[in-house]
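Structure, as structure tokens:
We did not get these values from a lab; they are worked out from the coordinates using the rules stated. Bear in mind the structure is a predicted one, so any value in this text is a computation, not a measurement. Here the Cβ positions follow ideal geometry from the backbone for every residue, glycine too, while neighbour counts run over all protein chains shown.
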Amino acid sequence: MTAWPRSAWNVCYFQANQSYMQKIPFFKKFITCLLAGLVVGAFLLRQGVTFFRQWVPIRTMSLIEFLIVLVAVIYAFIWQARKKNSPGTLAFWQGLIRYGVAYDLASFGWEKICHLQLVIPGNWADRPYRSFTPSELFWSFFSHSYLFGCIIAGLQIAGAMLLLFRRTTLVGVFILLPVLANILLMDIFYDIGQSVVVHASIMMLGALYFLFLEFNRLKAFFFAASNNIASLQMPGYMKAAIRLSIIFIPLLLIAMHGNPNRHPALTGKYEVKQLKVNQHFLAPTGCSDSLLTVVYFEVNDGCVFEFNTPQRRWSGTYKMDKDHLGISWRNPGGKPDFKGVLSRDPATGMVVMTGVLGGDSTEVTLQKVMN
């Protein structure tokens, strides 16, 4: 067996060591350390607030998070000053990001399964819909189905586990990004809270970090690599027309369908200010009286009469022909139709319904209270 010359071994060692010790830009060091500090600090703060707030003040936990971020940022400058490019150091900080995001999302998943999240007080079921804040609407909606919550939890836990293995990190990112994006958007638009939005944003950035690390590979995979989809043989303009059809055809059909709010000036909630039946003025003397108190004119020509409470309602549809108004009822069945005219009092701006309801002459004066 012929031995390699010593110089050849030196060249091989130098090349291997050079590739192993590739220079890491300061920007990458700084972003990696900063993100690691933010992610670790955020998930530790959330764990503390959720499980340890009885023993540790929130201010103390917030201070710990701040110190973690500060130490991470300072280390980025120390790392640069030492002029060391050890991949082990980079792997450590990237590992902190992966673990922080994975732990946080897995924790959210297990909390859903164990009924620590997406649970609302029982008294909310008896509250009027209009009394709910956006965040309460959010929690009420997602608390309706435990199975749905478990599916979300399963995605969070599975994506978190895949994120912790180098070979499956990208798969984990692709699973978690839609989940995180959905959570972040709902946190923003349902006013869940600024601190929650910040927390979700940090975890989103942590997942995006690994996506950007593989940008060149993803670019080649999605745009440069060949695919096995057969090419349709037709002129280019026809292909363009077919592609654009998904934009223009639905819009055309929607335009032809018309606006569901056919009477925008009438649509809204009205309070009954005066009720006259068979030339006699009626006024409720108690909550048990079944007198008309609220009228709704809805989109799609919907109409609702409410008699003192939401539990006493007639729901149906109305038709307008100039000033003539006709209302037929769907629920409850068997209720008499209303036929009459609709006018406005020029002095007060109130709406007056005059007609016949079940053989009784009826005149209802309405004041609009909500569009």
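Mean separation of Cα pairs under 8 Å and 6 or more residues apart, divided by the residue count, gives the chain a relative contact order of 10 percent. Taking one quarter of the surface of the convex hull spanned by the alpha-carbon atoms of the range 268-370 gives a direction-averaged projected area of 6.7 nm². Express in whole angstrom the spacing between the alpha-carbon centres of the range 28-43 and the range 215-257. A separation of 39 Å, based on Cα centres.
Can you list the lysines whose alpha carbon sits under 22 Å from that of Lys269, skipping same-chain ones fewer than 8 residues off? Excluding near neighbours in sequence, the set is Lys319, Lys322, Lys335, Lys339, Lys368. Across the range 6-221, the mean sequence separation of Cα contacts (distance under 8 Å, 6 or more residues apart), normalised by length, yields a relative contact order of 21 percent.
Only lysine pairs 8 or more places apart or on separate chains count here, and in the range 6-221 those with Cα atoms under 17 Å apart total 6.
On average, how much area does the Cα convex hull of the range 55-135 cover when viewed from any direction, in nm²? Before the final figure, lay out each step's value.
Numbers: hull surface 36.8 nm².
Average of the hull's projected areas for the range 55-135 equals 9.2 nm².
Could you list, bin by bin from short to long, the percent of Cα-Cα pairs of the range 6-221 in 10 Å steps? Spelled out bin by bin, the range 6-221 gives 8, 27, 31, 19, 9, 4, 2, 0, 0 percent.
Seen against the Cα atoms of the chain and their longest principal axis, helix 194-213 is set at about 40 degrees. In summary, the convex hull built on the alpha carbon positions of the chain has an orientation-averaged projected area of 35.9 nm². How many nm separate the modelled label positions at Thr348 and Ala125, each set 7 Å beyond the Cα in the direction of the Cβ? If labels sit at Thr348 and Ala125, their model points lie 4.1 nm apart.
The string of couplings for the range 159-168 from the Karplus curve (6.51, -1.76, 1.60, θ = phi - 60°) is x, 5, 5, 5, 5, 7, 10, 4, 6, 10 Hz, one whole number per residue in order, with x for Gly and Pro. Compared with the dominant Cα axis of the chain, that is its longest principal axis, helix 87-113 is turned about 30°. To test your reading of the geometry: what angle, between 0 and 90 degrees and rounded to tens, separates the Cα axis of helix 6-20 from the longest principal axis of the chain? That helix lies at roughly 20 degrees to the long axis.
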